[in-house]
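The values are calculated or read from the model by the stated rules, or taken from the named source; none is laboratory data. For clarity, every value in this text was computed on a predicted model and none was experimentally measured. Glycine also receives a Cβ, built like all others from the backbone with ideal geometry; neighbour counts cover every protein chain displayed.
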Amino acid sequence: MPKSPGLVSWKKLPIGMFILEAGNSVKFKTGDWKSMKPVLDKEKCIKCGQCWLLCPDMAYSQDEEGYYISNLNYCKGCGICASICPKGAITMVLEEV
Amino acid sequence: MIEIRLHGRGGQGAVTSAELIAVAAIHQGLYAQAFPSFGPERRGAPVQAFARISNTYIRTRERIYHPDVILVLDPSLPKLVKVTDGLKEGGVAILNSHHSEEEVRKMLGGYQGKLALVDATKIALEELGVPITNTTMLGALVKAIDLIEINYLEEAVRARFGKLADKNIKALRRAMEETQIYG
Amino acid sequence: MGKRVAKEVSIAVADAVAQCRVDVIAAYPITPQTHIVEHLSELVNNGELDAEFVTVESEHAALSVCIGASATGVRTFTSTAAQGLLFMYECLFIASALRLPIVMVVANRSVSAPISIWNDHGDIMTMRDAGWIQTFSENGQEAVDLVYHAYRVAEKAMLPVAVNLDGFIVTHVVEPIELLDQELVDRYIPPYRPKYKLDPKNPITVGAIGVPEIYTEARKALDVALENSYRTIVQAWKDFEKISGRKYQPVETYRMEDAEVGMVIMGSLTETAMNAVDKLREEGKKVGLLRFRLWRPFPYRDFLRAIGKVKSLVVVDRALSHGSTGGPVGIEIRSALYQSNKRPKIVNFVAGLAGRDVTVEDFIEMFEKGYTYMTKKAPFFYEIYGVKE
């Protein structure tokens, strides 16, 4: 047996290796890649939504009060949200290990 | 199988002539190929085109080295190109010329074989108003080699030239009548 | 039966593509393919063909458009030659791995440098590992028939097909051709209904990343698909014979029955080579000819059967594989024979580069070499026939 086997039998792959299930990236929690995470100061936040708009991983969503919160299961810690925030409401802090 | 080499100048329609010969022959029920000399062409430069006609499927893609017929559309070409090069013994040279048989034979370097002459430029000027002899010379071909039926050739010209077909057919028919065959 | 007409082969090929009711055509003009796509653009422009003709900025874009369009589930066509094929190179591998049934006609032409517009197989041989089905025609009729065949095979096997015809020597010749009646074409090539397609209503992902844990399996799947397409290809030729009366096989043979020296060749030079065979047979020499109609997947079983009991095989390549032990076909054949019990001597020539004429006399000379090496050790490498020293 090879030490590094395949994940799926080639016979079971859909034709052309198409992925037939839409939006299955939700299953892959890539949040553990990050070393820094965004922390929101609700006092400063004006709910403009730029963090939500520019997040490359679409990790942001609105909570019940209308604040944009990053889902740390998907956030890779790139810091774009903190950089773009017009009010300086988002700070990047070290992820605790 | 009969192999024909056409000599013209770029833009004179030698390739079209070759195609019309093949189209007529095929519609007549024979087999044929027509092809240009492959490659880039310049307007006015001497060009060649080729045709093959046969009763059976033509199974070759060789170039034509030894034609049975040469058809020269432009009267000035024999001075520039050795048009009879490789012509088979017993073959026929068909030329557009207003010169006498003797003069033409001399121009061809003492050519002794079968010769067909017609002043196609004159006919084309009178019938078409332009010195383009590609359809006119087809009339000479019909007369010189007993193979292609005139009605199939006319049909091919008609399909190709549309509104201009009548004039071209008239020139072709006139050339057929006026072509002189020697030896 | 279809009507026998006199047509330039390029025009007839384009007409056949139109008869296959293609939906999207994307192509960039390049000699000697130009007349094919020019005629298709005319047919689209004057309303005779209901298709989208995308005038792209390059061959890379041409195949990219076909890949995108094909993934949405429509029938596509492109055509190219030489540098154009090389320019679409990276997309070739994507088209096959995504299992998109694109049909491409390659008007075979030599590759630069030096610049050449003339015919050889230097272009197509570069894509022999690209996962496409590849067929070769020898004349206009075969080119047209292989276009019909390509669509039937592509959509059944879910693989792209490249149909080869020799530039100028075939593309630019006016000859008699019989196109199938439209009704028969429609029966032979029913509307394309893909199992999966890009559709906003039912989203899927096409072209995802293949991590090390999956890439090998994805490529194995393509490899098996190409191998299995063999049966589809042969069946499609049988079905074609029923409607047209014209028979095609993966390896075609000519006077091979009892042959002691065989010649292998592909493309339009075959017809001239047949005349050489006839001449030598008249002299009592037992020679024969075989040619690959199907080049990929490589029909090794048909090949081993076809060579019969030849003592030597003259392989005439129309392309070089620089730095290798033979021309592309020569290498393939030596490889196929190694595990077999048959061991004819292989005499490998590279001939007819950039449209240089190969005549009956040339073929006879190559056959003579085949006889020479029948009883002695054949050269390990290959000879570029007729090269001026």
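Residues of segment C:1-39 that are within 14 Å of chain B (Cβ to nearest Cβ) and of a type in the set (S, T, Y): C:S10, C:T31, C:T34.
Taking the options A:M58, A:M92, name whichever one is more than 30 Å from C:D223 (Cα to Cα) and in a loop (DSSP other than H, G, I, E, B). Even if it seems obvious, please write down each step before you answer.
Working: A:M92 fails: in a loop (DSSP other than H, G, I, E, B).
Within the list A:M58, A:M92, the selection yields A:M58.
When B:I181 is tested against (1) assigned to a loop (DSSP other than H, G, I, E, B); (2) modelled with pLDDT of 95 or more; (3) farther than 21 Å from B:R9 by Cα, exactly one condition is not met: (1).
Just name the residue that is farthest from the other protein chains (Cβ to nearest Cβ) out of those in segment B:38-62 that are of a type in the set (K, R) and surrounded by 18 or more Cβ atoms within 10 Å (Cβ to Cβ). Here the residue is B:R52. When segment C:142-156 is filtered for residues that are over 14 Å from the mean Cα position of the chain (by Cα) and either within 14 Å of another protein chain (Cβ to nearest Cβ) or under 14 Å from C:N228 (Cα atoms) (or both), the ones remaining, listed by number, are C:E155, C:K156.
Of these, C:A154, C:A150, C:A221, which one is over 24 Å from C:A273 (Cβ atoms) and without any contact (Cβ under 8 Å) to a residue 12 or more places away in the chain? Before you say what the answer is, go through the steps one by one.
Working: C:A154 fails: without any contact (Cβ under 8 Å) to a residue 12 or more places away in the chain; C:A150 fails: without any contact (Cβ under 8 Å) to a residue 12 or more places away in the chain.
Of the residues listed, the single one that is over 24 Å from C:A273 (Cβ atoms) and without any contact (Cβ under 8 Å) to a residue 12 or more places away in the chain is C:A221.
Filter segment A:9-55 for residues that are small (G, A, S) and part of a loop (DSSP other than H, G, I, E, B); which is nearest to C:F93 (Cα to Cα)?
Quick first cut of segment A:9-55, residues small (G, A, S) only: A:9, A:16, A:22-23, A:25, A:31, A:35, A:49.
Narrowing further to those that are part of a loop (DSSP other than H, G, I, E, B): A:9, A:22-23, A:35, A:49.
Working: A:S9: 22, A:A22: 25, A:G23: 26, A:S35: 38, A:G49: 42 Å.
Restricting to residues being small (G, A, S) and part of a loop (DSSP other than H, G, I, E, B), the top hit is A:S9.
Identify, from the list A:G77, A:G66, A:G6, the residue that is in a loop (DSSP other than H, G, I, E, B) and within 14 Å of chain C (Cβ to nearest Cβ). Before the answer, list the steps.
Working: A:G77 fails: within 14 Å of chain C (Cβ to nearest Cβ); A:G66 fails: within 14 Å of chain C (Cβ to nearest Cβ).
Of A:G77, A:G66, A:G6, the one residue that is in a loop (DSSP other than H, G, I, E, B) and within 14 Å of chain C (Cβ to nearest Cβ) is A:G6.
Could you pull out the residue among C:D129, C:D186 that is more than 17 Å from the chain's Cα centre (by Cα) and acidic (D, E)? Being more than 17 Å from the chain's Cα centre (by Cα) and acidic (D, E) holds for just one of C:D129, C:D186, which is C:D186.
Close Cβ contacts (under 7 Å, 6 or more residues apart or on different chains) running from residues in segment A:16-30 that are more than 7 Å from every other protein chain (Cβ to nearest Cβ) to residues that are assigned to a helix (DSSP H, G or I) are absent.
Here's a check for you: in segment C:157-177, which residue that is away from chain B (no Cβ under 12 Å) and not in a strand (DSSP E or B) is farthest from C:V224 (Cα to Cα)?
In the first step, residues of segment C:157-177 are kept if they are away from chain B (no Cβ under 12 Å); the result is C:157-164.
After this cut, where a residue has to be not in a strand (DSSP E or B) as well, the list is C:157-160.
Values: C:A157: 11, C:M158: 12, C:L159: 11, C:P160: 14 Å.
Once the filter is applied, the top-ranked residue is C:P160.
Taking the options C:I209, C:I177, name whichever one is β-branched (V, I, T) and at pLDDT below 95. Quick ask: steps written out before the conclusion?
Working: C:I177 fails: at pLDDT below 95.
The match here is C:I209.
Within segment C:243-269, being in contact (Cβ under 8 Å) with a residue 40 or more places away in the chain, farther than 26 Å from C:V224 by Cα and not in a loop (DSSP other than H, G, I, E, B) holds for C:I243, C:S244, C:T253, C:V261, C:G262, C:M263, C:V264, C:I265, C:L269. Taking segment C:1-71 as the region of interest, the strands (runs of 3 or more DSSP E) fully inside it that hold 2 or more residues being without any contact (Cβ under 8 Å) to a residue 60 or more places away in the chain are C:24-27, C:52-55. If you scan segment C:90-123, which residues turn out to be out of contact with any helix residue (DSSP H, G or I) (no Cβ under 7 Å at 6 or more places or on another chain) and under 30 Å from C:V224 (Cβ atoms)? Within segment C:90-123, C:E90, C:F93, C:M104, C:H121, C:G122 meet the criteria.
Taken over segment C:73-90, the criterion of being part of a helix (DSSP H, G or I) and surrounded by fewer than 20 Cβ atoms within 10 Å (Cβ to Cβ) is satisfied by C:Q83, C:L86, C:F87, C:Y89, C:E90. Condition test on C:A95, is it assigned by TED's automatic domain parsing to the domain that holds C:Y151, free of Cβ contacts under 8 Å to residues at least 24 places away in the same chain and hydrophobic (A, V, I, L, M, F, W, C)? When the stated conditions are applied, C:A95 does not pass them.
If you take the residues in segment B:22-37 that are more than 17 Å from B:T60 (Cα to Cα) and at the interface with chain C (Cβ under 9 Å from one of its Cβ atoms), which one is surrounded by the most Cβ atoms within 10 Å (Cβ to Cβ)? Spell out the reasoning first.
The first filter runs over segment B:22-37 and keeps only residues more than 17 Å from B:T60 (Cα to Cα), leaving B:23-25, B:27-29.
Add one more test, that the residue is at the interface with chain C (Cβ under 9 Å from one of its Cβ atoms), and what stays is B:23-25, B:27, B:29.
Working: B:V23: 25, B:A24: 26, B:A25: 28, B:H27: 20, B:G29: 11.
It comes out as B:A25.
For residues that are buried (at least 16 other Cβ atoms within 10 Å of the Cβ) and of a type outside the set (D, E, K, R), scanning just segment C:367-382, find the one that is modelled with the lowest pLDDT. Only one residue fits best here, namely C:A378. Scanning segment C:122-141 for residues that are within 14 Å of another protein chain (Cβ to nearest Cβ), not in a loop (DSSP other than H, G, I, E, B) and not hydrophobic (A, V, I, L, M, F, W, C) gives C:G140, C:Q141. For segment C:178-224, the candidate set comprises residues that are of a type in the set (A, V, I, L, M) and more than 9 Å from every other protein chain (Cβ to nearest Cβ); within that set, the residue that is nearest to C:G245 (Cα to Cα) is C:L180.
Tell me yes or no: at least one residue of segment B:68-83 is within 14 Å of another protein chain (Cβ to nearest Cβ), closer than 25 Å to B:S97 by Cα, at pLDDT below 95 and surrounded by 17 or more Cβ atoms within 10 Å (Cβ to Cβ).
Of the residues in segment B:68-83, the ones within 14 Å of another protein chain (Cβ to nearest Cβ) are none.
The answer is no, given that none of the residues of segment B:68-83 is within 14 Å of another protein chain (Cβ to nearest Cβ), closer than 25 Å to B:S97 by Cα, at pLDDT below 95 and surrounded by 17 or more Cβ atoms within 10 Å (Cβ to Cβ).
Would you pick out the residues in segment B:33-67 that are in contact with a Gly (Cβ under 6 Å, 6 or more places away or on another chain), over 22 Å from C:D362 (Cα atoms) and assigned to a loop (DSSP other than H, G, I, E, B)? Hits for segment B:33-67 are B:E41, B:R42, B:R43, B:G44, B:A45.
Total residues in segment B:92-138 satisfying the condition of being β-branched (V, I, T) and part of a helix (DSSP H, G or I): the figure is 4.
The residue that is farthest from the other protein chains (Cβ to nearest Cβ), counting only those in segment C:102-121 that are assigned to a loop (DSSP other than H, G, I, E, B) and buried (at least 24 other Cβ atoms within 10 Å of the Cβ), is C:H121.
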